Amino acid sequence: MAISLRSKLLLAVALALVFSLTTQAFIRFYWTLPALEQMASNANKADLLRLEEAFSQQIDTLRSISLDNSVWDEMYRAATARDASWFEETYFLHETFSQLNINGWYFYANDTQLIVGQSIEPPYRITSNPIFATPGHSITQHFLFKAVEVDKNNLSRWGLVTINERPAIVISHAITRGDASGTIAGTSLIWSYVNEKRLFQLQQALQKPLEIQLITSPTNVPPNTVNAFESSAHGEAFNHRLNLLFSDFLGKPFFLLSFRETAYPFDESVFDITLLFGLLAATFMLYLFYVFIRHQILVPIQRMLGIVTEVMETSDFSKRMELKGYDDIGQLGTHIDKLFRLVKDQKAELIEHNQQLKSMSYTDPLTGIANRRYLDQHLLTLAENANTTNIPVSILLIDVDHFKSFNDNYGHSQGDKALIDVATLLRQNTHAATDFVCRLGGEEFLIVLRETDTNDALLVAENLCKQIAKAGVSHVMSPFHVLTVSIGVTTKPPGSPLHHAELIDQADKALYLAKDAGRNCVETYQSDT
C-alpha cells in the first residue's frame, strides 16, 4: 500500500511528538507528581492537626475554668462542709452557664457523694441529669476523685460521653487547697455539649464547613480516618473528605468531624495542560516546518484530490480548484478547472436534451397534459405508497360526446382545438396538487383524485360537465347543440389497496352507463354483486 507524502510527514512529526511527550510524562510521573501530591498531603495533614488543635483548645478552656475554681480555699471549705447553699449561690447562675458555654456543673464530696449539681438545656431550662445526679453511675465514677493525698500530676480528668443522645465533653478536677496540699476534698465536674457554637468555633479555626457524624458501630468508620490526639495524622482522604475520629472516655469510636480536603492546585493526571505546553514548545520548530510544507504542497494536493473525488462521486462539475500561484501545482489546478468547465457545459446540454425527451415521452403533444405513459407511472407510484391504502382514491373517465360527428362536420383542425379546450377546462377545474389529469387517447380523458370519496368525486365530475357545456363550443350535430362530455366515476375506499387496472375498468363501465343515460351526465360504478 502506497504511503502519501502527507502521511510520511505526519508520521515523522508524530514520532517526534511521542518521544517528547514520553520524556516529559516520565519526568512528571516519577518526580513532579509525587512532589505535588506530598504537598497536598501535607496540606491535608495540617488541616487535620489544626482541627485537632482547635478542639484541644476548647478542652483546655474548660479545664482552665475547672482548675481556676477547684484550687480555691473557699471551695475546699464548702466541699469539706458539704455546703450545698454556697455552691448554688456561687455557681448556679444563668450568666455563668451561658458565658462559659457549659450545660452542667456538679460538685461531689471526697466519698463520691453528690453535694449539689445542675444541668440546663438552652435557653436556660433546668433539667435533671441521671448520669451525674447518680454518683454511683459508671460514667460518673470514671471522673470522680476520692479522699487521697493530692497528686499534682493527677488533678484533672476529661472525656467524651453521650448525654441525651448527643456528644458532650466532661471535665473534672479535684477540689484542693490553694497551695494544692493535703487531702482531696471532692470533685468539681463540668459538662458541655459539642453544640453548634463549638462547631462554629471549630469551623472558624479551620476555615471550612464541618459535619459531625456519630459512630454507632466500629464498622461505620470510613477508610483513611485519623484518630484524634494520636501521632498518626496523614493526608489521605476518602471520597475527597478528611475525617477526624474522636473516641469516648472508654476509648471506643464516638463521633467524626468531617470536612472536604483542600482542592489540589494541580492536575493529578500524568498528561496535564503544562505537559502539553511543554510538548508544543519542544516541537515548535518542527511544527513550523510542517506548516510550511503543508501550506505549499499538501493542502493544494489534498484539495485537488478531494475535489476530483467529490466530482467523480457526485458528477458535479461545477466544483473549482481555484488555486493561486504560478508554480506547477497552480498550473495543474487551472487545467483541471478548465476540464471541469468543459465537461459541465457538455453535461448541461445532455441533461437539457434528456429532459426534453422525457417531457415528450410523458406529455400529450396536442393538449400539453399528461399522456397514457405518464398515467401508468403515476398510478404505479401511487399504488406503491403505503399511505394510499388509508385514503380514498377516485377515478373519472371522461369521453367527449359525439366527437366523430364533430370532426366530420367541423374538420379535424377544429376537433383538435376542441380537445385542447376540454383539456384546459379539466385542468382549470381540478387541483394540480392532488389531482392528476391526462389524455388517454382520441377524445378520452382520465382524472385521478387523491383523498376524494365518491360523493366529492361526483361533485367534481358534475362541475366538469357543467363547465364544459357552459364553455359553449358549438356542436350542431349534438342534441345539446354545444360540446359536452360524459363521465364515469369509481372510487377505492380507505382501507383497501389500489388496483388501478380494476378501477379504470370500473370507471369505463360507469362511462357506458352515462352514455346509455343520454350523455352529458355523470354515472358511478354499480357493482354486479
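Fully extending the segment from Ala133 to Leu49, taken as 0.36 nm per residue of separation minus the present Cα-Cα distance, adds 26.7 nm. Per-residue 3J(HN,Hα) values for region 482-499, derived from phi via the Karplus relation 6.51 cos²θ - 1.76 cosθ + 1.60 with θ = phi - 60°, read 9, 6, 9, 9, 10, 10, x, 10, 9, 9, 8, x, x, x, 10, x, 8, 10 Hz in sequence order (x marks Gly and Pro). Near Val473, the amide H atoms lying under 5 Å from its own belong to Leu483; only residues 5 or more places off or on other chains count, and H is placed 1.01 Å from N. Which loop GluC sites (Glu not before Pro) in region 153-262, with loop taken from DSSP, have no more than 12 other Cβ atoms within 10 angstrom of their Cβ? When the GluC sites (Glu not before Pro) of region 153-262 are filtered for loop state and at most 12 Cβ neighbours within 10 Å, Glu165, Glu230 remain.
Against the chain, whose longest principal axis is taken from its Cα atoms, helix 412-428 shows a tilt of about 20°. Among Ser527, Ser478, Ser192, the ranking by other beta carbons within 10 Å of each residue's beta carbon, starting with the fewest, stands as Ser527, Ser478, Ser192. Expressed as a whole number of Å, what is the distance separating the alpha-carbon centroids of region 179-249 and region 466-529? Taking the Cα centre of each part, region 466-529 and region 179-249 sit 102 Å apart.
Cβ under 13 Å from Gly472's Cβ, Gly472 left aside: what net charge do those residues give with Lys, Arg +1 and Asp, Glu -1? Write down the numbers at each step before the final one.
Details: positive: Lys466, Lys470; negative: Asp421.
Result for the local shell: +1.
Could you give the length gained by full extension between Gln207 and Asp327, i.e. 0.36 nm per residue of separation minus their alpha carbon distance, to one decimal place?
Numbers: separation 120, 0.36 × 120 = 43.20 nm, distance 6.94 nm.
Taking 0.36 nm per residue and subtracting the Cα distance, the gain is 36.3 nm.
For region 437-454, 3J(HN,Hα) computed residue by residue from phi via the Karplus equation (6.51, -1.76, 1.60; θ = phi - 60°) reads 10, 8, 9, 6, x, x, 9, 9, 10, 9, 10, 9, 10, 7, 6, 10, 7, 4 Hz, glycine and proline entered as x.
Extension gain, Leu250 to His431: 0.36 nm times the residue separation minus the Cα-Cα distance gives 55.5 nm. Here Asp505 and Ser474 are evaluated by their C-beta separation; at R0 = 56 Å the FRET efficiency comes out at 0.95. Converting phi to 3J(HN,Hα) with the Karplus coefficients 6.51, -1.76 and 1.60 and the offset θ = phi - 60°, region 234-248 yields 9, x, 8, 9, 10, 6, 6, 10, 9, 10, 10, 9, 10, 9, 7 Hz in sequence order, with x at every glycine or proline. Cross-link partners of Lys470 among aspartates and glutamates, defined as those whose alpha carbon lies under 18 angstrom from its own and excluding same-chain residues fewer than eight positions apart: Asp399, Asp401, Asp421, Glu462. Close amide H contacts of Gly159 (hydrogens built in the peptide plane, cut-off under 5 Å, sequence separation of 5 or more or a different chain): Val170. Checking the cross-link pairs Lys152/Lys208; Lys146/Lys197; Lys45/Lys197; Lys404/Lys466 against a 27 Å limit on the alpha carbon distance flags Lys152/Lys208; Lys146/Lys197 as lying beyond it.
Shape of the chain from its Cα gyration tensor (a ≥ b ≥ c, root eigenvalues): rounded if a/c is under 1.5, otherwise prolate when a/b > b/c, or oblate? Oblate, because a/c is 1.5 or more while a/b does not exceed b/c.
A simple spin-label model places the labels of Thr219 and Glu451 7.0 nm from each other, with each point 7 Å out along Cα-to-Cβ. Seen against the Cα atoms of the chain and their longest principal axis, helix 196-206 is set at about 80 degrees.
Between Gln141 and Gln38, the distance separating the two model label sites (each 7 Å from Cα on the Cα→Cβ line) works out to 5.2 nm.
To the nearest ten degrees, helix 5-27 and the longest principal axis of the Cα atoms of the chain are 10 degrees apart. Gln467 label point, 7 Å along Cα→Cβ, cut-off 12 Å on backbone N: hits in region 402-426? It comes to 422-426, nothing else.
Just so you know, all these numbers are worked out from the coordinates, no wet-lab data involved. Note that the structure is predicted; figures quoted are calculated from it, not measured. Glycine also receives a Cβ, built like all others from the backbone with ideal geometry; neighbour counts cover every protein chain displayed.
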